[in-house]
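The values are calculated or read from the model by the stated rules, or taken from the named source; none is laboratory data. For clarity, every value in this text was computed on a predicted model and none was experimentally measured. With ideal geometry, Cβ positions are generated from the backbone for all residues, glycine too; neighbour counts draw on all protein chains shown.
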Amino acid sequence: MTARTAAWFASVVSFGLILIASATVVVPGGSPAVLTPKGSAPALTLEAVHDVRFQSLGIGYAGADAVVVTGSTGVTLDRLSFRRPAPSTGGTGTAVSVDGASSDVTVSRNWVPDGFAYGVQAQPGASRVTVTTNVVTNPRRGGIVLTGTSGAAVTSNTVIAPCATGISLEGASSGTVENNVVASAAAKQTDTCP
């Protein structure tokens, strides 16, 4: 990424909403750039896009879903580092939300900390959603939840979920779930669980 491209990207990112037709966005170097939403909007919305890859970014949180993929295909979200939600938000948002009109979405090598309601969630109708090598800690409602998703692949994730189901394929979902680690640390169960 050139310095000019990085400056353009930084100015677009400051709005907390990005709509791109087709692109690869990689932030090289040490700490990732952080996308921080304005108000209650998602930090990153990918709507009706194709062949888009986001890699090595920090994602802020405003109380709603942090990253939203809608009506898109060929989206890769790789090595994102989500910021812990503010305690006042009560764990209501989803780190990565995929709607039912999206396909060929890969969510890989991301870190989702405590405080989100869901780590990764796909809605009925989504297809070919791959969730691999992510770490999700203490989701309040579910770590990785795919509902009515065909051709799903959930592999090599680590989900620490004392409050909720770690990994769930629901509502006529089809696909593969293998080589995941799901742990429920009873010592972490508190009155903050829903």
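From the list Ser156, Ser88, Ser127, which one is of a type in the set (Gly, Ala, Ser), modelled with pLDDT under 95 and more than 15 Å from the chain's Cα centre (by Cα)? Explain how you work it out, then say what you get.
Numbers: Ser156 fails: modelled with pLDDT under 95; Ser127 fails: modelled with pLDDT under 95.
Only one candidate qualifies: Ser88.
Quickly run through the stretch 93-135 and pick out the residues that are on the phi > 0 side of the Ramachandran plot and part of a loop (DSSP other than H, G, I, E, B). Spell out how you get there, then give the answer.
Of all residues in the stretch 93-135, those on the phi > 0 side of the Ramachandran plot come to 104, 109, 115, 125, 128, 133.
Those that are on the phi > 0 side of the Ramachandran plot and part of a loop (DSSP other than H, G, I, E, B): Arg109, Gly115, Gly125, Thr133.
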Counted residues in the stretch 73-83 being surrounded by fewer than 24 Cβ atoms within 10 Å (Cβ to Cβ) and part of a loop (DSSP other than H, G, I, E, B) come to 2
Within the stretch 110-149, which residues are of a type in the set (D, E, K, R) and closer than 17 Å to Gly166 by Cα? Asp114, Arg140, Arg141
Counting only residues that are crowded, with 21+ Cβ neighbours inside 10 Å and under 20 Å from Ala66 (Cα atoms), the stretch 141-164 contains a total of 9
Output the residues belonging to the stretch 119-152 that are small (Gly, Ala, Ser), out of contact with any Leu (no Cβ under 9 Å at 6 or more places or on another chain) and over 24 Å from Ile59 (Cα atoms). Gly125, Ser127, Gly148, Ser150, Gly151
With the condition kept exactly as written, say whether any residue in the stretch 132-145 is over 17 Å from Asp78 (Cα atoms) and at pLDDT 95 or above. yes
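Can you tell me which of Val98, Val34, Val27, Val69 is at pLDDT 65 or above and farther than 21 Å from Ile144 by Cα?
Just a single option satisfies the conditions, and that option is Val34.
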